[in-house]
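The values are calculated or read from the model by the stated rules, or taken from the named source; none is laboratory data. Since this is a predicted model, take the numbers as computed values, not measurements. Counting neighbours? That spans all protein chains shown, and the Cβs are built from the backbone with ideal geometry, glycine included.
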Amino acid sequence: MSDEKVKVNYLRRWAKRLGLRLHKSRAKKISIDNLGGYRLVDIYSNNVVGGEKYDCEINDVEKLLKEYEDRL
């Protein structure tokens, strides 16, 4: 497994513990509304917490999770 895949799996588990879900864009073509990155969604309210246009990279997701955890 690549290091990136390991980190993504770690971030998915971390997001799940916080009540969030990490989504990866599945778009074949990048557009204005879908930039091909990641998005964090609240499991209970289905609201986007970060990366509304799938514009977060892995490091951005990690920062968002840290900030979200600190707010709890």
Study note, to complete from the structure: A careful count of residues in region 39-57 that are under 18 Å from GLU69 (Cα atoms) and touching a residue at least 12 places away in the same chain (Cβ under 8 Å) gives 10
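So that you can scan it fast, the table gives a plain yes or no per residue for (1) among the β-branched types (Val, Ile, Thr); (2) surrounded by fewer than 16 Cβ atoms within 10 Å (Cβ to Cβ); (3) in contact with a His (Cβ under 7 Å, 6 or more places away or on another chain); (4) at pLDDT 95 or above:
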| residue | (1), (2), (3), (4) |
| --- | --- |
| LEU11 | no, no, no, yes |
| TRP14 | no, no, no, yes |
| LYS28 | no, yes, no, no |
| LEU40 | no, no, no, yes |
| VAL48 | yes, yes, no, yes |
| LYS66 | no, yes, no, yes |
**Study point:** Extreme residue, surrounded by the most Cβ atoms within 10 Å (Cβ to Cβ), among residues of region 16-26 that are more than 18 Å from GLU67 (Cα to Cα) and of a type in the set (D, E, K, R)
**Key:** LYS24
